[in-house]
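Here is the structure we will look at, set down as structure tokens.
Please treat every number below as a calculation from the coordinates, not as lab data. All values derive from a computational prediction rather than experimental measurement. Positions of Cβ are generated from backbone atoms using ideal geometry, with glycine treated the same way; all protein chains shown enter the neighbour counts.
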Amino acid sequence: MKNWTTKNGCKIYQVLSLRSNAFLIKAGKLNILVDTGRKSTYNKLLKKLSILDCTSIDYLILTHTHYDHCQNAFALKELYKCKIVASMFESDFTMAGLTPVPKGTVAPARMISALGRMLGDKIAGYKPFNADMIVGEHLDLKDKGLDIDIIHTPGHSPGSISVIIENEIAIVGDTLFGVLPCSVFPPFADDITQMKESWKKLQDTGCSLFLPGHGREIKKERLAEKEN
Ligand SMILES: [Zn+2]
């Protein structure tokens, strides 16, 4: 299983890959899951967690609430009694169990987006839930003994957030896309201008590596190239 370690020994495991990524952060005695994948990958996710001897989840952080990132949130909360951390700008969506499909940024994605909007909760729905910890512009978890900072990085969706781990590695959801070697630009975004401002915010952190919601890790230099 792909994994990364910070200088202070915090481990990050990629527990889901392919269609949507999910990551487990092991920091001391705490286990923090970032994103859940879609419903069809629930069993796979549990299997990966058991391989890592992970029998408890303390926090579930959602980089945003599109169905392919949060469709298992309700079930995981039931199972682990974990606290869900999500943006205040997506609370209405999670209470309704449907986050609008974002706009396409390129022609084929525009068609998929239009279709997704038409089908609504038939494809993009999930079991409604409430977040236990709400992120506005910023939330740090120092009082939980964690060197983890969560920052608002909107654009792909109104409440997209990024998880900054020890100011070294960031889990960024769909703010960056890691599928194509030539581009970090997501095929879907509600507000491209806002998203580019969020890229700057990420650049201004000390992080040298970004783990996206889809595809492979992105080095800071690569983001810098794309930003200009
Ligand atoms: Zn998304």
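Structural remarks
- The chain: most fluctuating residue of I169, I218, I112 per GNM, C-alpha cutoff 10 Å: I112
- Cβ-placed point charges (K, R +1; D, E -1), dipole of the chain about Cα centre in debye, nearest 20: 840
- Bridge type composition, the chain - antiparallel percent by DSSP, nearest 5: 65
- Three-way shape label, region 91-163, alpha-carbon gyration tensor, a/c 1.5: oblate
- Basic side chains Lys and Arg get +1 at the Cβ, acidic Asp and Glu get -1 at the Cβ, and with that the dipole of region 89-212 about its Cα centre reaches some 640 debye.
- Mean-square fluctuations from a GNM of the chain, with a 10 angstrom spring cutoff on Cα atoms, peak among N43, N72, N31 at N43.
- Using just its DSSP H runs of length 4 or more, each adding -39500 (n - 2.57), the chain gives a mean residue ellipticity at 222 nm of -7500 deg cm²/dmol after division by all residues.
- Toward the positive end of the charge dipole of the chain, with +1 on the Cβ of Lys and Arg and -1 on the Cβ of Asp and Glu, the farthest Cα among G136, L33, V172 is that of L33.
- What the pair-distance distribution of the chain shows, using all Cα-Cα distances binned every 10 Å from zero, is 8, 37, 39, 15, 1 percent.
- Summary value for region 3-227: 16 percent relative contact order, contacts being C-alpha pairs under 8 angstrom separated by 6+ residues.
- Phi-derived couplings, Karplus 6.51 cos²θ - 1.76 cosθ + 1.60 at θ = phi - 60°, listed residue by residue for region 212-217: x, x, 9, x, 9, 4 Hz, with x used for Gly and Pro.
- Taking every C-alpha pair closer than 8 Å and separated by at least 6 residues, the mean separation divided by the residue count of region 11-56 gives a relative contact order of 29 percent.
- Note on the chain: with a GNM built from Cα contacts shorter than 10 Å, the maximum mean-square fluctuation among L18, L62, L202 falls on L18.
- Gyration tensor verdict on region 29-93 (Cα atoms; rounded if a/c is under 1.5, prolate if a/b is larger than b/c, oblate otherwise): oblate
- Around I61: net Lys/Arg minus Asp/Glu count, Cβ-Cβ under 13 Å: -3
- Packing-based exposure ordering (other Cβ within 10 Å, fewest first) of M111, M195, M88: M111, M88, M195
- Net length gained if the chain between S91 and S40 were fully extended (0.36 nm per residue, minus Cα distance): 16.0 nm
- Leading residue at positive end of dipole, the chain (Cβ point charges), from L49, A86, G145: L49
- Ordering I25, I51 by the number of other Cβ atoms within 10 Å of each residue's own Cβ, fewest first, gives I51, I25.
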